[in-house]
Amino acid sequence: MIALGPQQEEEIRRHAEDEYPHECCGLLLGHFGVDALKTVAEIYPVSNAREDEARHNRSLILPQEYMRGERYARQHGLEVVGNYHSHPDHPAAPSQFDLDHAWPTWSYLIVSVYDGRARDLRAWEMKADRSRFDEEEITRGV
């Protein structure tokens, strides 16, 4: 389960709309809690480093960008608990590419964007055996 406040959700949706028709991406900063609860305290937007012709359906966070985000999190007493990205003109469900590049224990928030407007926002967590994603419950209003 992941706890997401209205401000963080709005920031993700706005980022997705601003980057449309390309995918946006960023890190979810917060805390790992008891009973596998992840709480998002801050959104850390990152530039999509994919080449132009692939940015509409792929995102890439460069290692140095990830390290900056991780450093920022540590300086603020936070951890990287996941990642978010958008799916322009596609459902908010993970692709095989997403599964192939996911990390266990993280939450993956995906927002669908159609015609420049953010729609569904869903959370996913990869199974420990890396075989698939299971949808993760989002608690809102935290």
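The values are calculated or read from the model by the stated rules, or taken from the named source; none is laboratory data. Small disclaimer: the values here were computed from a predicted structure and weren't measured. Counting neighbours? That spans all protein chains shown, and the Cβs are built from the backbone with ideal geometry, glycine included. Surface areas here come from the heavy atoms of the whole protein model, side chains and all, with no ligands, DNA or RNA. Shrake-Rupley method; radii C 1.70, N 1.55, O 1.52, S 1.80 Å.
Points to keep in mind about this one:
- Region 53-139, relative contact order [Cα under 8 Å, separation at least 6], %: 22 percent
- Amide H contacts under 5 Å for residue 120: 112, restricted to partners 5 or more places along the chain or on a different chain, H placed in the peptide plane at 1.01 Å from N.
- Per-residue ³J(HN,Hα) for region 13-19, Karplus 6.51 cos²θ - 1.76 cosθ + 1.60, θ = phi - 60°, Hz, x for Gly and Pro: 4, 5, 4, 4, 5, 5, 8
- Stretchable slack from residue 134 to residue 99, in nm (0.36 nm times residue separation minus alpha-carbon distance): 11.5 nm
- Spherically averaged projected area of the chain from its Cα convex hull (nm²): 7.9 nm²
- Electrostatic bookkeeping for residue 8 treats Lys and Arg as +1 and Asp and Glu as -1; over the other residues with beta carbon under 14 Å from its beta carbon, the sum is 0.
- Under 5 Å between amide hydrogens, built in the peptide plane, is the criterion, and for residue 26 it picks out 46, 84 among residues at least 5 positions away or on other chains.
- Top of 33, 69, 82 by mean-square fluctuation, Gaussian network on the chain, Cα under 10 Å: 33
- With a Förster radius of 41 Å applied to the C-beta separation of residue 36 and residue 115, the computed FRET efficiency comes to 0.70.
- Solvent-accessible area assigned to carbon and sulfur over the chain amounts to 48 percent, based on a 1.4 Å probe.
- Amide H contacts for residue 3 (H built 1.01 Å from N in the peptide plane; partners 5 or more residues away or on another chain; cut-off under 5 Å): 38, 39, 40, 139.
- 1.4 Å probe accessible area per residue over region 1-51, in Å²: 45 Å²
- Within-14-Å neighbourhood charge of residue 116 [Cβ basis; K, R +1; D, E -1]: -2
- Region 95-142 shape via C-alpha gyration tensor axes, a/c threshold 1.5: oblate
- Estimated at the nearest 10 Å², the accessible area of residue 1 is 90 Å² with a 1.4 Å probe.
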